[in-house]
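The values are calculated or read from the model by the stated rules, or taken from the named source; none is laboratory data. The shown structure was predicted, so the numbers you read here are calculated from the model rather than taken from an experiment. Glycine also receives a Cβ, built like all others from the backbone with ideal geometry; neighbour counts cover every protein chain displayed.
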Amino acid sequence: MRTSAKLSEHHLPRKRFGQNFLTDKNILNKIVRAAEVSPSNTVLEIGPGLGHLTRALAETNAHIVAVEVDRDLIANLRTEFSEMSNVHLLEGDILKQAPEAWLAQGNASTPYIVVANIPYYITSAILRYLLEAQTPPERIVVMVQRQVAQQITAKPPHANLLGVSVQYYGVPQIVGNVAAGAFYPRPQVDSAVVRIDVTSAPSEKDSARFFRIVRAGFGAKRKQLHNALTLGLNLSGEEVGKMLAQAHINPTRRAETLTLAEWETLAHTSKSFLN
């Protein structure tokens with residue numbers, strides 16, 4: 001059987017896939033513990049890479065479905081894990097089909113957990129893909145850029161669009177920070193492990209209205225909320241004033257100061273003003 005160490009000697013990381021492979025065993029084990037993986041779980045791993053995290057997950061005896069976009073890596077991984085019946089390796093772009101479709105290909109079903117060391121440049125797209133899925137995971141544990149982790153977990157008065165978007169669906173927390181030296185090749189920034197416990201499955205209509213409001217609010221971040229919403233929603237100042245009054249929100253506040261509950265209230269009151 002080929003080892004992950006051998007794979008790293010033969011594979012040149014590809015920039016177009018944002019490949020930075022996590023090699024620190026202690027951190028790998030910390031990720032698995034943070035995900036609370038047990039033999040009864042199904043785990044969807046995005047981008048197994050050299051297989052370091054895949055092996056740590058597989059040793060829990062959980063059912064692992066790992067999706068890798070790099071054709072060269074998937075061939076090597078299939079050789080390495082050929083003797084592990086609980087690991088199913090699939091080739092493809094994770095975003096091309098729904099999570100439950102990947103699980104079905106790996107002879108697995110929901111509920112499921114997602115664990116991944118994902119490329120930084122598609123962090124937001126991956127999180128949106130998972131949280132907005134028809135069948136979202138129970139929890140997500142991902143390695144992301146440290147600054148992005150701080151954005152995801154930010155609270156008022158330092159809220160931001162990414163943080164509000166994630167917190168609308170679940171409760172995020174930073175499990176731990178990871179130095180750049182834990183990766184091969186070494187990235188230019190430090191990272192962090194984030195766990196998201198998915199708590200809600202809002203209706204598509206409610207979600208669309210919520211994000212329309214939030215994007216408008218953060219679309220002109222330096223403006224007072226009244227002005228930002230007037231501009232972003234194409235409503236009159238009078239209409240926005242009434243909407244904010246009904247939500248009991250001061251029109252002079254800025255988007256980064258609103259709590260998630262206030263955004264939800266504002267989205268609810270907007271029903272009478274938006275088409």
Please work out which residue is surrounded by the fewest Cβ atoms within 10 Å (Cβ to Cβ), limiting yourself to segment 28-44 and to residues that are touching a residue at least 24 places away in the same chain (Cβ under 8 Å) and within 17 Å of Ala192 (Cα to Cα). Asn29
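Results for (1) farther than 25 Å from Leu131 by Cα; (2) assigned to a loop (DSSP other than H, G, I, E, B); (3) hydrophobic (A, V, I, L, M, F, W, C); (4) not assigned by TED's automatic domain parsing to the domain that holds Thr153, shown as yes or no for each residue.
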{"site": "Ile213", "(1), (2), (3), (4)": "no, no, yes, yes"}
{"site": "Gly217", "(1), (2), (3), (4)": "no, no, no, yes"}
{"site": "Ala228", "(1), (2), (3), (4)": "yes, no, yes, yes"}
{"site": "Leu235", "(1), (2), (3), (4)": "yes, yes, yes, yes"}
{"site": "Glu238", "(1), (2), (3), (4)": "yes, no, no, yes"}
{"site": "Ala245", "(1), (2), (3), (4)": "yes, no, yes, yes"}
{"site": "Pro251", "(1), (2), (3), (4)": "yes, yes, no, yes"}
{"site": "Glu256", "(1), (2), (3), (4)": "no, no, no, yes"}
{"site": "Glu262", "(1), (2), (3), (4)": "no, no, no, yes"}
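What do you reckon, is Ile46 farther than 22 Å from Ala182 by Cα, within 19 Å of the chain's Cα centre (by Cα) and either assigned by TED's automatic domain parsing to the domain that holds Asn107 or at pLDDT 95 or above (or both)?
Values: farther than 22 Å from Ala182 by Cα: no; within 19 Å of the chain's Cα centre (by Cα): yes; either assigned by TED's automatic domain parsing to the domain that holds Asn107 or at pLDDT 95 or above (or both): yes.
No.
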Confirm whether Val142 is out of contact with any Ser or Thr (no Cβ under 8 Å at 6 or more places or on another chain), within 28 Å of Gln97 (Cβ to Cβ) and in a strand (DSSP E or B). no
Candidate set: segment 138-182, residues that are free of Cβ contacts under 8 Å to residues at least 40 places away in the same chain and polar (S, T, N, Q); chosen: the one nearest to Ser40 (Cα to Cα): Gln173
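Would you mind finding the one in Val189, Val193 that is outside any helix (DSSP H, G or I), at pLDDT 95 or above and assigned by TED's automatic domain parsing to the domain that holds Val141? Steps first, please.
Numbers: Val189 fails: at pLDDT 95 or above.
None of the others qualify; the one that does is Val193.
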Could you check, for segment 82-93, whether at least one of its residues is in a helix (DSSP H, G or I) and touching an Asp or Glu at 6+ places or on another chain (Cβ under 9 Å)? no
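Considering segment 94-115 alone, what residues qualify as being part of a strand (DSSP E or B) and more than 11 Å from Ile64 (Cβ to Cβ)? Reasoning before the result, please.
Narrowing segment 94-115 to residues part of a strand (DSSP E or B): 113-115.
Val114 - this is the single residue of segment 94-115 that is part of a strand (DSSP E or B) and more than 11 Å from Ile64 (Cβ to Cβ).
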Which of the numbered conditions does Ala75 fail, given that it passes all the others? Conditions: (1) over 25 Å from Gly181 (Cα atoms); (2) modelled with pLDDT under 95; (3) in a loop (DSSP other than H, G, I, E, B). (3)
